[in-house]
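Below: one structure, written as structure tokens.
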Amino acid sequence: MSNIIPFSQELRERTRASHSESEGADFMGDLMTGKGTHDDYIALVAQHYFIYEAIESAAERMRIDPVARPFISDKLTRLPAIEEDLRFLIGENWREQITPLPTTAAYVARIDEVGATWAGGFVAHHYTRYLGDLSGGQIIRTIMQRQFGFDTNGVGFYLFGDIAKPREFKDTYREQLDAVPWDDEERTRVIDEVLVAYRFNTDLFRDLAAAKAQSVA
Ligand code: HEM
């Protein structure tokens with residue numbers, strides 16, 4: 001066996017620096033330290049709408065793919081919760097009030113592309129968002145609840161009502177990653193696509209900061 005360390009571990013190690021960059025982006029850092037506003041939070045939720053619409057449409061197409069199928073679970077589905085959050089945060093006409101930022105549009109185009117053609121690429125994007133939501137997302141939720149006085153309305157996106165134990169769910173997910181019969185070349189391609197996904201997330205925080213600067217100028 002050429003791979004001594006499990007794939008999930010290799011993936012985490014090779015993407016650690018990119019995770020730190022995403023996590024440390026100013027827009028996110030400000031939200032986490034009380035410098036972000038309620039509107040900043042809404043702007044982030046609005047971008048999530050477009051991203052999860054893309055991932056979850058791709059998931060519908062990928063359900064028949066033998067590699068992607070084990071990762072796809074209704075327990076993860078976020079779009080209805082995001083829609084409820086936006087209705088609560090913006091109002092009934094929320095859909096007319098939101099547009100994708102440039103990075104979101106590019107991110108969505110990439111998800112659409114791999115979601116139609118490449119299971120490994122789809123899994124890379126699926127992993128980056130959902131495992132993040134089940135990890136740091138839970139910390140983000142607690143801080144947003146404290147900061148903006150949310151109970152469950154407004155942070156439904158971060159509440160996985162069907163996943164009682166996120167840690168166990170993530171462990172199973174990692175076991176599934178380790179079980180896919182990808183060769184070394186494909187594993188490298190998948191890790192590279194996770195790096196692409198992190199890049200989109202970091203760039204999105206930059207777009208959000210730029211849009212904010214423009215709106216207050
Ligand atoms: C304030 C922002 C963030 C915080 C505080 C944070 C925090 C964390 C923490 C503590 C973990 C480890 C949990 C564990 O070991 O089970 C984690 C894992 C993860 N985060 Fe984040 N994170 C943040 C932002 C992000 C962003 C923007 C993304 C990408 C969309 C992301 C994607 C991930 C992924 C994919 C994992 C799982 C890594 C693995 O175990 O393979 N995170 N995060």
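Summary of computed values
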read-out: From 170, 165, residue being within 10 Å of the ligand (Cβ to nearest atom) and more than 19 Å from residue 204 (Cβ to Cβ); value: 170
read-out: Test: residue in the range 204-216 that is among the polar types (S, T, N, Q) and either buried (at least 17 other Cβ atoms within 10 Å of the Cβ) or closer than 10 Å to residue 7 by Cα (or both); value: no
read-out: Residue count, the range 173-195 (criterion: assigned to a helix (DSSP H, G or I), of a type in the set (Val, Ile, Thr) and more than 14 Å from the ligand (Cβ to nearest atom)); value: 1
read-out: Residue ID - most open to solvent (accessible area, probe 1.4 Å), chosen from residues in the range 160-202 that are more than 13 Å from residue 130 (Cα to Cα) and of a type in the set (A, V, I, L, M); value: 164
read-out: Tally of residues being crowded, with 17+ Cβ neighbours inside 10 Å and within 18 Å of the chain's Cα centre (by Cα) across the range 80-90; value: 5
read-out: Residue that is surrounded by the fewest Cβ atoms within 10 Å (Cβ to Cβ), among those in the range 11-48 that are within 10 Å of the ligand (Cβ to nearest atom) and of a type in the set (Asp, Glu); value: 13
read-out: In the range 133-158, the residues that are outside any helix (DSSP H, G or I), surrounded by 14 or more Cβ atoms within 10 Å (Cβ to Cβ) and more than 15 Å from the ligand (Cβ to nearest atom); value: 150, 152, 154
read-out: Number of positions in the range 91-132 that are over 20 Å from residue 188 (Cα atoms), open to solvent by less than 40 Å² (accessible area, probe 1.4 Å) and polar (S, T, N, Q); value: 2
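The values are calculated or read from the model by the stated rules, or taken from the named source; none is laboratory data. Note that the coordinates shown come from a computational prediction; the quantities given were computed from them, not determined experimentally. Glycine also receives a Cβ, built like all others from the backbone with ideal geometry; neighbour counts cover every protein chain displayed. The protein model used for the area step is the full one, side chains on, heavy atoms only, and it has no ligands, DNA or RNA in it. Shrake-Rupley method; radii C 1.70, N 1.55, O 1.52, S 1.80 Å.
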